[in-house]
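The structure appears right after this line, and notes come after that.
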Amino acid sequence: MLELLLGELKRTWIQFIRYPAEVIGGIIIITSVFYGLFLSAQYMAGPSLGFGDRLDAVVVGYVLWSLVLYIVNDIAIGLQVETQTGTLEQVFLSPFGAPQVFFARALASLALRLTLILGILLILMGITGSRLQFPPTLLLPLVTLLLAAYGLAFVMGACALIFKRVQQVLGVFQFALLFLIAAPTEEWSGTARWLAYGLPMLPSTGLLRDLMARGAALDWGVWGVAIANGLIYFFLGISLFRWAEREAKRRGILGGY
């Protein structure tokens, strides 16, 4: 597995240095969209607009949404790229197994994605005046967020294997992800809050907003829920992807993907 991961790291780096314009363009687009929304809100509300500490929470939510979009689209789009280049069957014939190959690719690209997201976050903090905090404990809910996000990525990869074209589904799914990331579960109470914790990533995003935007201490009880949430969705995604792989082979559609 280490050999596979090192190979994918090398592959990711080669692609990055060969196509830097794509990465730079992504940073510009993501930053410009948020800044445009920010200026529009200021213009419509007038000089009386005051975001308060909600601006910090909005910045955190937008950056997390951008990160999750990168992750969730990664495997499904990777499958389609492999199809276009004619190397999809080789991936599924790999002795490592297709899920391990795509997971290693996801991990290899994660370092690059996190670096880009950190750059975007610093730019947004500069242009909006947001003041976020970065305690070491934020790594704990970040890990649980990534687990759930990769689980959803494998779910979308399974859909790509079975249904072949999922661009429209991915487009609609972006808005569902925006709801999941933006839902202020940390402000809810009672049954609604615990029901929301059953949805992917919600306990993790609430913890990250508390830590970064509000300077609160880590709630270890909620973090335990976030761990369970992340692991459940991760293994659910892996299981569904394995099922889709077997089903595609049984139907004979893998070769004609």
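Highest-first packing order for the peptide set 240-248, 11-19 is 240-248, 11-19, based on the mean count of other beta carbon atoms within 10 Å. Remark: region 99-257 carries a charge dipole of roughly 660 debye about the Cα centre, counting +1 on each Lys and Arg Cβ and -1 on each Asp and Glu Cβ. Once both labels are positioned 7 Å from their Cα atoms along Cα-to-Cβ, the gap between residue 176 and residue 39 label points is 3.4 nm.
Need the full-extension length gain, residue 249 to residue 5, defined as separation in residues times 0.36 nm minus the C-alpha distance. One decimal, nm. Intermediate values should be presented prior to the final figure.
Numbers: separation 244, 0.36 × 244 = 87.84 nm, distance 2.56 nm.
Taking residue 249 through residue 5 to full extension adds about 85.3 nm, to one decimal.
Comparing 190, 228, 140 along the charge dipole axis of region 123-257, the residue lying farthest to the positive side is 228, per the Cβ-charge model. The length gained by stretching the chain between residue 81 and residue 112 to full extension, at 0.36 nm per residue less their Cα-Cα distance, is 9.2 nm. A protection proxy built from the mean count of other Cβ atoms within 10 Å ranks the segments 65-75, 188-198, most packed first, as 65-75, 188-198. Applying 1/(1 + (r/R0)^6) with R0 = 35 Å to the Cβ-Cβ distance of residue 231 and residue 127 gives a FRET efficiency near 0.45.
Could you order peptides 153-164, 216-227, 100-111 by the average number of other Cβ atoms within 10 Å of their residues, highest first?
Details: 153-164: 22.3, 216-227: 15.8, 100-111: 19.2.
Ranked by mean Cβ neighbours within 10 Å, highest first: 153-164, 100-111, 216-227.
When the accessible area of region 115-257 is computed with all protein chains present and a 1.4 Å probe, what percentage of it is carbon and sulfur? Show your work: numbers first, answer last.
On the way: 4700 of 6840 Å².
Carbon with sulfur: 69 percent of the solvent-accessible area.
Here r is the Cβ-Cβ distance between residue 143 and residue 189 and R0 is 35 Å; the resulting FRET efficiency, rounded to 0.05, is 0.85.
The values are calculated or read from the model by the stated rules, or taken from the named source; none is laboratory data. Fair warning: this is a prediction, and the values are worked out from it, not measured in the lab. Reconstructed Cβ throughout: ideal geometry from the backbone, glycine too, with neighbour counts over all protein chains shown. Calculation scope for accessible area: heavy atoms of the full protein, side chains included, ligands and nucleic acids excluded. Shrake-Rupley method; radii C 1.70, N 1.55, O 1.52, S 1.80 Å.
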